[in-house]
Structures are given as structure tokens and as C-alpha cells.
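Okay, structure first, notes after.
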Amino acid sequence: MLHLILASNTGWVIGYTIGIVIVVVVVALVVPILLLARRIGEQADAVNSGLQKAVVNTAALAQLSTTIESAEVIVDGLKRGRQRLGG
């Protein structure tokens, strides 16, 4: 009789064991991924902060073409002045 009870429950025991093993493997794979994602998120904040500083520090470069145009006008004026003075 005991043999029949054990035989009828063997499938359940094997099924539960396989299920537990699968859950443990999935957790073992997902936890490092989550930890890595957290580290990436923390580093992303630092990178974003650096990029925001770069935006502030390079904002004046947007006016560079205006500065170049103004310098060209000044240089052209100086050339004309030198030519009029005979130089």
C-alpha cells in the first residue's frame, strides 16, 4: 500500500522539484541583471550631470559664427584702411 502511495506522488515530487530548480535558476539569472541595471542607472545620473555641465560650458559656441562674421568685417575694414593709407 505504501508503495502505491509513493508511486502516485512521485510525479508530483518530480514536478515540484523541477519547478523549484527552474525558479532558482531564473532568480539566479535575473538578480545579477537587476543589479547591473541599477549600477548603470547610477552611472547614467553621473554621465547626465557631466553632459549638462558640458552644455552650459559650450553654450557660447552657438555665437561663434556671429563672432567670426564680426571679426571678418573688422579685418576687412582694417584692410581697407591700410590700403587708403598706402600700406
Next item on the list: Among the residues of region 46-78, count how many are part of a helix (DSSP H, G or I) and either over 37 Å from the mean Cα position of the chain (by Cα) or polar (S, T, N, Q) (or both).
Entry: 18
Check: Does Gly11 count as outside any helix (DSSP H, G or I), modelled with pLDDT under 90 and not hydrophobic (A, V, I, L, M, F, W, C)?
Finding: no
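The values are calculated or read from the model by the stated rules, or taken from the named source; none is laboratory data. Owing to the predicted nature of the structure, the values given are computational and were not obtained by experimental measurement.
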